[in-house]
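As structure tokens, the structure follows; a few thoughts come after it.
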Amino acid sequence: MPDKRWRHVLGVVETAVELADRFGGDRDKAWLAALLHDYTKAWPTDKMETIIREQHLPQELLEHDKELWHAHVGAWVVRQEHGIDDEEVLDAIRYHTSGRERMTLLDKIVCLADYMEPGRDFPGVNKIRERAQHNLDEALLAGFDSTIQFLVEKGKTIFPLTVLARNDLLRIIRENKSI
Ligand code: DGI
Ligand code: FE
Ligand code: FE
């Protein structure tokens, strides 16, 4: 992968381990999932498309932004080529871009670290970093909100798992507040 992407990966590793320590996650799994999360990010899209078709990954991915593909393809490749067989780690890689309903603590840590690693600089990133000081779900919600806004502005489709992930986080946050 290009140097810039590798620096991003190292930023995600550092941030994921910090978040694991802060929120009681498994730091070794956070480290591994973060290290591998963008494994196929720089692969040619036709190579990813072939894997999605031939390995029966969700065909629905092909109808949405290609930016989503590397997460599912990456999880498949690190299992097949590198023998990573920890399902929690593979899920955190697989859902790091879209999110999903009922995200695990590890899913959330990797997804949030990807949003807020030190090299990230997009409108709203500081709000995400501030929330991440004390509330993982609220920080992640701010991340998905910014992605959804970005996709709407660009006239792109939203992968359904992202909508489900956001709704689920809102529900969790509301329930926590009402207790
Ligand atoms: O791989 P990275 O650039 O580090 O980050 P990522 O894996 O979170 O990919 C983010 C990109 O994916 C971002 O430009 C938005 C794009 N994207 C396209 N469609 C969707 C989407 N992201 C989400 N969460 N949901 C979508 O439907
Ligand atoms: Fe990614
Ligand atoms: Fe990333």
In Å², rounded to a whole number, the accessible area per residue of the chain with probe 1.4 Å is 53 Å²
Who wins for biggest fluctuation among Glu88, Glu60, Glu117 in a Gaussian network model of the chain, springs between alpha carbons below 10 Å?
Glu60
Using only protein heavy atoms and a 1.4 Å probe, report how much of Arg7 is accessible, in Å² to the nearest 10.
150 Å²
List, in order, the whole-Hz ³J(HN,Hα) value for each residue of region 157-170 obtained from phi through the Karplus relation with A = 6.51, B = -1.76, C = 1.60 and θ = phi - 60°; use x for Gly and Pro.
6, 10, 5, x, 4, 5, 5, 4, 4, 5, 4, 5, 5, 4
Probe radius 1.4 Å, ligands and nucleic acids left out: which of Lys29, Lys127 has the largest accessible area, and how do the rest follow?
Lys127, Lys29
How big is the gap, in Å, between the Cα center of region 149-167 and the Cα center of region 73-132?
17 Å
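On a 1.4 Å probe surface of the protein chains, which of Glu101, Glu81, Glu138, Glu153 comes out largest in accessible area, and what is the full order? Can you show the working numbers first?
On the way: Glu101 75, Glu81 115, Glu138 40, Glu153 155 Å².
So, going from the largest accessible area down, we get Glu153, Glu81, Glu101, Glu138.
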Accessible heavy-atom area order of Phe150, Phe122, Phe144, highest first, probe of 1.4 Å
Phe150, Phe122, Phe144
To the nearest 10 square angstrom, how much accessible area does Asp46 have with a 1.4 angstrom probe?
100 Å²
Cα-based equivalent ellipsoid, the chain: semi-axes from gyration tensor eigenvalues, Å:
24, 19, 16
Of the accessible area of region 3-177, computed with a 1.4 Å probe and all protein chains kept, carbon and sulfur make up a percent value of 49 percent
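The values are calculated or read from the model by the stated rules, or taken from the named source; none is laboratory data. Fair warning: this is a prediction, and the values are worked out from it, not measured in the lab. SASA here: full protein model, heavy atoms, side chains in, ligands and nucleic acids out. Shrake-Rupley method; radii C 1.70, N 1.55, O 1.52, S 1.80 Å.
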